[in-house]
Amino acid sequence: MTTAKTIAELKSALPEKSWTQDEDKTAPFLREWRGRWQGSTPFLLLPATTREVAAAVKICARHKTPITVQGGNTGLVGGQIPKGEILLSTARLNKIRETDTDNMHMICEAGVTLQDVQEAADNLGLKFPLSLASEGSCSIGGNLATNAGGVHVVKYGTARALTFGVEAVLADGSVFEGLTSLRKDNTGIDLSQVLIGAEGTLGIITAASLKLFPKPRDSARALVAVDSPDTALALLALVRSGDRLSMFELIPRLGLEYVTRNMAGHKDPFLAPHPWYALIEWEFFGSENSQDLVESILVRATEKGLVRDAVVANSQAQSTALLALRENISAAQKPIGATIKHDISVPIAKVPTFIVRANAAVLKHVKDCHPLPFGHLGDGNIHYNIGQPENMTSADFMALEPQINDSVYDIVDALGGSISAEHGIGILKKSQLVRRANPAKFQMMRQIKSALDPDNILNPRVLL
Ligand SMILES: Cc1cc2nc3c(=O)[nH]c(=O)nc-3n(C[C@H](O)[C@H](O)[C@H](O)COP(=O)(O)OP(=O)(O)OC[C@H]3O[C@@H](n4cnc5c(N)ncnc54)[C@H](O)[C@@H]3O)c2cc1C
């Protein structure tokens, strides 16, 4: 419970800039951007230093006062929205503390946006490869708490693979100092990796030591029209040779139609419609001619009968426009009404089977609904959105969400997949996790939680 005494102690321990109870200032932190969750809090903490975070958590720990943690508030599973808890925003933890081009690392605070990290790396002549459509708003702390994925996982891995270590304030207010920049360190359990992906339930990440990578000399993007997810899979195998492939995204016709029809400024780059598309990106580091290489790869793919048509971007603007077709699919679905969404992964080779089985299952539940499978085929992560039919109200459609989720997740389980590939569990998928997680894994997660946060004060409603 949040008591007046806790709040009074927080006010006297922290500078005035580091908290607010002003309703107008607090309001944007309480709204999830799609309007799915609306929260409440008696007190918003806005600490500017790790020391302030630690002081605040120490007070909350003494009073067993729960805290919800928020970064950029772009999360899609509701974990960042408080329901009566104190809200701690990392927005003012926004400094880049250290950069090192020899060791190729950057230490930045949790509230720095992903885009600012990318730009800082670029200014050093290096690359930070995590890339999400929300990168202008999401924070590094949130990226690590959710182990974010994005479009470059096929080459660089998820956020945890891009991190040397983190600094975090634990539930008793102590500071875990894990800001290493070592590439090798076998001195026991990697505790930073335990905190990454824990969705703020084990500690508040206050800073991170991030891995930087060589910046490619050049890159190329192409949108390739294909017959089916099976063909896209065969194309993936063909274009993957070498280490140049950095993105491989699957887009169905319906997705392209939504973006070009429902959002201003987007155009179908092909003259004729095609059933499926693969958005492909390559990075080039050597002296090879990138245009020639891409063309030769696509010629080989065409000879094998994998390509219906292809557009290779020949300017930065065209390259950006191709990526925008993929990144706007979710937003472009909004005008058609309610959508039931899934963020699943299966072994890459099983993606086509997943799509066939899931489509059959959901169309059995709702005859005229609009399945929209799209996303990261290169790493087996498909965003499986289902749009409501025109002949049904949103409320009636959403009432079917539990049954539809069960059917989709049963297929995911049968294929050896995951019910949350990159967005996390948050509030949204807790009941599914309880039912579907491996019991030993779930018990270990609970044991770790009760060892590190025995009074359950950090993100108490999230994940477990
Ligand atoms: C348009 C759009 C596109 C997206 N695309 C992708 C995508 O491709 N891949 C992907 O993985 N996600 C994607 N997301 C989801 C979201 O952007 C990511 O989950 C992101 O990592 C969340 O970062 P955030 O700073 O906004 O965190 P928030 O939304 O503020 O928080 C998310 C969770 O992390 C916890 N948290 C936040 N900061 C900290 C911290 N410092 N310490 C401990 N816990 C913390 C919160 O309590 C909450 O549980 C997308 C979202 C949008 C809106």
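Read-outs throughout are calculated quantities, based only on the coordinates presented, and are distinct from any laboratory measurement. Remember, it's a predicted structure, so these values are computed and weren't measured experimentally. Cβ placement follows ideal geometry from the backbone for every residue including glycine, while neighbour counts extend to all protein chains displayed.
Using alpha carbon centroids, what distance separates the range 102-168 and the range 402-422, in Å?
28 Å
Amide H neighbours of S246 under 5 Å, at least 5 residues apart or on other chains, H built in the peptide plane: list them.
For S246, the qualifying residues are E281, W282, E283.
Please express the shape of the chain as an equivalent ellipsoid: the semi-axes are the square roots of 5 times the eigenvalues of the C-alpha gyration tensor, given largest first in whole angstrom.
Here the semi-axes work out to 38, 27, 20 Å.
When the dipole is taken about the Cα centre of the range 159-241, and only Lys, Arg (+1) and Asp, Glu (-1) are charged at their Cβ, what size is it in debye, to the nearest 20?
The calculation lands at about 480 debye.
Quick check on the chain: helices-only [θ] at 222 nm, where DSSP H runs of length 4 and up contribute -39,500 (n - 2.57) each and the sum goes over total residues. Nearest 500, please.
Theoretical 222 nm ellipticity from helices: -10000 deg cm²/dmol.
Consider just the alpha-carbon atoms of the range 240-350 and return their Rg together with their Dmax, both in angstrom.
15.6, 49
Rounded to the nearest 0.05, what FRET efficiency is calculated for N94 and F285 with R0 set to 35 Å and r the Cβ-Cβ distance?
0.65
Of L452, Q316, S287, which is farthest along the charge dipole of the chain in the positive direction, counting Lys and Arg as +1 and Asp and Glu as -1 at C-beta?
L452
Which GluC sites (Glu not before Pro) from the range 251-290 combine a DSSP loop assignment with at most 13 other Cβ atoms within 10 Å?
Those satisfying the criteria are E288.
Order of T231, T163, T3, T50 from fewest to most other C-beta atoms within 10 Å?
T3, T50, T231, T163
Which whole number in µm²/s is D for the range 96-214 by Stokes-Einstein, with the Kirkwood Rh taken over Cα pairs at 20 °C and 1.002 mPa s?
153 µm²/s
For the range 62-159, which trypsin sites (Lys or Arg not before Pro) pass both filters: DSSP loop (anything but H, G, I, E, B) and at most 15 other C-beta atoms within 10 Å?
Here the trypsin sites (Lys or Arg not before Pro) that fit, given the DSSP loop and packing criteria, are K64, K95.
Would you kindly derive the ³J(HN,Hα) couplings of the range 62-70 from the backbone phi angles with the Karplus curve 6.51 cos²θ - 1.76 cosθ + 1.60 (θ = phi - 60°), listing them in order in whole Hz, with x for Gly and Pro?
Each residue of the range 62-70 in turn: 4, 9, 6, 9, x, 10, 9, 9, 9 Hz.
Kindly provide log₁₀ I(q)/I(0) values, in the same order as q = 0.11, 0.22, 0.26 Å⁻¹, from the Debye equation applied to equal alpha-carbon scatterers of the range 337-423.
So the normalised log intensities are -0.26, -0.99, -1.30.
With a 10 Å radius around each residue's Cβ, average the other Cβ atoms per peptide and rank 184-194, 202-212, highest first.
202-212, 184-194
Neighbouring Cβ atoms within 10 Å as the yardstick, rank Y258, Y277 fewest first.
Y258, Y277
Relative to the Cα centre, what is the charge dipole magnitude of the chain, using +1 at the beta carbon of each Lys and Arg, -1 at the beta carbon of each Asp and Glu, and rounding to the nearest 20 debye?
900 debye
For S420, what residues show an amide H to amide H distance below 5 Å, using hydrogens built from the backbone and excluding near sequence neighbours?
It is S345, by chain and number.
Test of understanding: ordering H105, H266 by Cβ neighbours within 10 Å, fewest first, what list do you get?
H266, H105
What's the percent breakdown of Cα-Cα distances in the range 1-103 across 10 Å bins, shortest bin first?
Cα pair-distance distribution for the range 1-103, in percent: 15, 46, 28, 9, 3, 0.
In the chain, if the dipole is taken from +1 on Lys/Arg beta carbons and -1 on Asp/Glu beta carbons about the Cα centre, which of I196, A161, S139 is farthest to the positive end?
In the chain, that residue is I196.
Ranking request for peptides 376-387, 128-139: highest mean number of other beta-carbon atoms within 10 Å first, then the rest in descending order.
376-387, 128-139
Quote the charge dipole size of the range 337-423 about the Cα centre in Debye, to the nearest 20; the model charges only the Cβ of Lys and Arg (+1) and of Asp and Glu (-1).
The calculation lands at about 240 debye.
Lys and Arg at +1, Asp and Glu at -1: add these up for the other residues within a Cβ distance under 10 Å of E109 and post the number.
After counting each charged neighbour, the total is +2.
Rounded to the nearest 5, what % of DSSP beta bridges with both residues in the chain are antiparallel?
In the chain, approximately 85 percent of DSSP beta bridges are antiparallel ones.
Provide the FRET efficiency to the nearest 0.05 for the M398-S418 pair, computing r from the beta carbons and using R0 = 22 Å.
With R0 = 22 Å, the Cβ-Cβ based efficiency is 0.40.
Taking loop as defined by DSSP and a crowding limit of 12 other beta carbons within 10 Å, which trypsin sites (Lys or Arg not before Pro) in the range 268-356 fit?
Answer in residue order: K304.
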